[in-house]
Structure formats: structure tokens, C-alpha cells
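**Student:** This is the structure, below, for whatever I ask next.
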Amino acid sequence: MPGLIAEGETDEVFLGVVISRQLREITVQSSRCAVDVESTEIGSRRSIYDHDRTTGALRELAGDCHLLFVHNDHKERDKAERVVRDSGLSTPVIALVPVQETEAWLLADVALWRRLSGSDHGRLPARPPDVEKIADPKKVLAEVAPRRGKPVRDYFEYIARNIDLNVLAQVPAYAEWVVDARNALKGLGYL
């Protein structure tokens, strides 16, 4: 069971689903055992809180979870890395930090946006790694999302459930946490 402490609700929605999906993809390759990956448990605090509250929330999650993730956007990179370093937990803790903001990762799969009626997919970079070059991913996401009277936040779960994980893994910051997760799963004996 994975656990997540993230900055905000939309990060929790997107990352919570993607983490479980990605861990399932990784563990399917296990030659050691069959692994049943549960849905990501979301922590009681957000990572925007101070260091002690964030590490306390991780400790709470560690009682139920086998692998923990702490998310911060690029401006708070040091905070996430410090929490991972200082957690003092036997449960592995992985920093999940995009180059800019999590919203960039939602923009990586052009084919997904093409299938979403009403989206302006012409604003997306042609190559998935290039989403990390977008200066304001939230703005671009708002411009790409269909204008059907739904707020942009309503697309986070849909994208999380349908984004091609192989495409998403072409984004370097995303690929980095996947490698860390694979290594942690090996250390836990799942791979």
C-alpha cells in the first residue's frame, strides 16, 4: 500500500491514482511474487505545512503503508528532500518533485488530449519531455482543457486514470521517482 503527502487536493487526486497505477505496472514485472497494489492512502496533512507536521503525517501513514511519497512542486524541492532525509522511518520515503508543477505531467500525453473532445491539444509540446520547459503549466492546462462549464480540476482524475504511463515516463522528473520506487520495491523484496 502506497501513501502520499501532497501539496494540495488536485495533486492528491492526480498523484494518488498515478502512483497506484505506476506501482502496479512495476510490480507486474516481479519474478519473485504476485503483488497486489492497493489504492494510494492520502495523508491527513498537506506537504505545504511545516516540517514537523509533514513528517508527523508520514509517520501516521507508515503505520498502514509500505512505501511513502512526499510531493512538493519545484519551489519547495528542498523541503521534500529534507523531509525524506529526516523522516527517520524504516518505511521507504520517496520525494515526488516535478521540474515546475504537477500540472505539467498532465500535459505529457498528447494522444489523450486529442481523444478528449473540446480540448485545445495544439498548445501541447510534441515531445513529452518538453512539458518540463513550460513556464506556467497551470495556465497551459487551463487553456488546453475543454471549455464545457467544468473547472479544470475536474479533469485531474480522468487524466490520472487514462494517461499513458509509458508516455509519462518520458518526462525526466517523473521517470526519476519511478526509478526510486523500483529500487525501494526491490529493497522491500517485491521485485
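The values are calculated or read from the model by the stated rules, or taken from the named source; none is laboratory data. Computed from a predicted model, the values in this text were never measured in an experiment. Note: ideal-geometry Cβ built from the backbone for every residue, glycine included; neighbour counts use all protein chains shown. Ligands, DNA and RNA are stripped out before the accessible areas are found, and what is left, the full protein with its side chains, is counted by its heavy atoms. Shrake-Rupley method; radii C 1.70, N 1.55, O 1.52, S 1.80 Å.
**Student:** Just one of Glu157, Glu143 is part of a helix (DSSP H, G or I), over 18 Å from the mean Cα position of the chain (by Cα) and among the acidic types (Asp, Glu); which is it?
**Tutor:** Working: Glu157 fails: over 18 Å from the mean Cα position of the chain (by Cα).
Result: Glu143 is the single residue among Glu157, Glu143 that is part of a helix (DSSP H, G or I), over 18 Å from the mean Cα position of the chain (by Cα) and among the acidic types (Asp, Glu).
**Student:** Does Pro137 fit the bill of being farther than 25 Å from Val93 by Cα and open to solvent by less than 30 Å² (accessible area, probe 1.4 Å)?
**Tutor:** Details: farther than 25 Å from Val93 by Cα: yes; open to solvent by less than 30 Å² (accessible area, probe 1.4 Å): yes.
Taking the combined requirement at face value, the residue satisfies it.
**Student:** Between residues in region 81-93 that are over 20 Å from His66 (Cβ atoms) and residues that are crowded, with 18+ Cβ neighbours inside 10 Å and of a type outside the set (Phe, Trp, Tyr), which pairs lie under 6 Å by C-beta distance while being six or more apart or on different chains?
**Tutor:** Glu81/Ala95
**Student:** What do you reckon, is Ile19 open to solvent by less than 60 Å² (accessible area, probe 1.4 Å) and in contact with a helix residue (DSSP H, G or I) (Cβ under 6 Å, 6 or more places away or on another chain)?
**Tutor:** Numbers: open to solvent by less than 60 Å² (accessible area, probe 1.4 Å): yes; in contact with a helix residue (DSSP H, G or I) (Cβ under 6 Å, 6 or more places away or on another chain): no.
It is false that Ile19 is open to solvent by less than 60 Å² (accessible area, probe 1.4 Å) and in contact with a helix residue (DSSP H, G or I) (Cβ under 6 Å, 6 or more places away or on another chain).
Quick grid of which residues meet (1) of a type in the set (S, T, N, Q); (2) open to solvent by 20 Å² or more (accessible area, probe 1.4 Å):
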site	(1), (2)
Thr27	yes, no
Arg46	no, yes
Arg53	no, yes
Glu60	no, yes
Phe69	no, no
Lys75	no, yes
Lys79	no, yes
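**Student:** If you don't mind, another one. Which of the residues belonging to region 1-39 are in a loop (DSSP other than H, G, I, E, B) and among the hydrophobic types (A, V, I, L, M, F, W, C)?
**Tutor:** Looking only at region 1-39, we keep the residues that are in a loop (DSSP other than H, G, I, E, B), and these are 1, 6-8, 29-39.
Scanning region 1-39 gives Met1, Ala6, Cys33, Ala34, Val35, Val37.
**Student:** Could you figure out which of (1) over 15 Å from the mean Cα position of the chain (by Cα); (2) in a helix (DSSP H, G or I) isn't true of Arg182?
**Tutor:** (1)
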